Amino acid sequence: MAHLEPLPAEAVPELAETFRQFENILGFVPNSLLTMQRCPEIVKGFGALTAAVMNPRGRVDPGFKRLLAHFASRAAGCQYCQAHSLLAAGISGVPEDKVQAVWDYQTSPLYSEAERAALDFALAAGAVPNEVDEALMSRMKAHWSEDQIVELLAAICLYGFLNRWNDSMATELEEAPRRLGEELLASGGWTGGRHLKRGE
């Protein structure tokens with residue numbers, strides 16, 4: 001059960017455009033932002049950072065950045081963000097079969113060596129304490145440019161904020177990510193944890 005209840009989306013009219021940005025990505029306004037709007041400037045700043053990090057004109061595909069976010073969230077243990085980021089990956093153009101094979105990324109032919117290195121990087125960067133070492137960074141540099149590595153890490157770090165936010169707030173999962181978690185992620189140990197209503 002959430003520690004703070006989300007406010008209605010219309011509670012702070014000045015956030016309408018920022019909320020529209022997230023609704024375009026997910027099809028709904030996340031409960032995390034509806035709770036966060038108690039401090040509107042934080043929502044605006046987070047919206048601006050998200051737009052910069054997930055820029056579709058960047059050097060890394062936005063859908064793949066969402067997969068990175070999923071792996072970073074997995075390392076951090078945030079089940080809300082695991083479900084959200086994987087849902088967003090599919091919406092952002094990651095093929096369904098690739099999303100379905102997310103638990104098998106190390107062996108699935110759907111994932112390239114460059115993608116495997118980056119997803120390992122996300123797991124290591126999302127861990128506490130941080131597990132990025134020289135060997136892993138060498139693997140990254142073999143497949144990705146320095147500019148791309150900056151974009152990849154930015155996506156991981158963006159979700160670092162959300163992982164802490166949503167686990168600390170016990171943000172309640174919305175219907176679509178909850179359903180995805182139950183249908184796809186449960187086989188790997190995902191339960192929804194503190195992000196489900198009592199009795200679910």
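Below, the figures for the structure above:
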{"quantity": "Subset of region 122-164 (residues that are of a type outside the set (Gly, Ala, Ser), within 27 Å of Tyr80 (Cβ to Cβ) and in a loop (DSSP other than H, G, I, E, B))", "calculated": "Val128, Pro129, Asn130, Glu131, Val132"}
{"quantity": "Residue list for region 165-180, filter: small (Gly, Ala, Ser) and not in a helix (DSSP H, G or I)", "calculated": "Ala170"}
{"quantity": "In region 28-82, the residues that are closer than 27 Å to Phe121 by Cα and acidic (Asp, Glu)", "calculated": "Asp61"}
{"quantity": "Within region 1-71, helices (runs of 4 or more DSSP H) holding 3 or more residues that are among the aliphatic types (A, V, I, L, M), modelled with pLDDT of 95 or more and crowded, with 19+ Cβ neighbours inside 10 Å", "calculated": "31-36"}
{"quantity": "Which numbered condition Lys98 fails, given (1) surrounded by fewer than 23 Cβ atoms within 10 Å (Cβ to Cβ); (2) more than 19 Å from Gly181 (Cβ to Cβ)", "calculated": "(2)"}
{"quantity": "Among the candidates Gln82, Gln106, residue that is in contact with a Lys or Arg (Cβ under 8 Å, 6 or more places away or on another chain) and assigned to a loop (DSSP other than H, G, I, E, B)", "calculated": "Gln106"}
{"quantity": "Filter pass, Glu183 being under 27 Å from Ser112 (Cβ atoms), in a helix (DSSP H, G or I), in contact with a Gly (Cβ under 7 Å, 6 or more places away or on another chain) and of a type in the set (Asp, Glu)", "calculated": "no"}
{"quantity": "Of residues in region 141-200 being in contact with a helix residue (DSSP H, G or I) (Cβ under 6 Å, 6 or more places away or on another chain) and β-branched (Val, Ile, Thr), the one surrounded by the most Cβ atoms within 10 Å (Cβ to Cβ)", "calculated": "Thr171"}
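The values are calculated or read from the model by the stated rules, or taken from the named source; none is laboratory data. The model shown is predicted, which means the values in this text are computed figures rather than measured ones. Note that we place each Cβ from the backbone using ideal geometry, even for glycine, and neighbour counts take in every protein chain shown.
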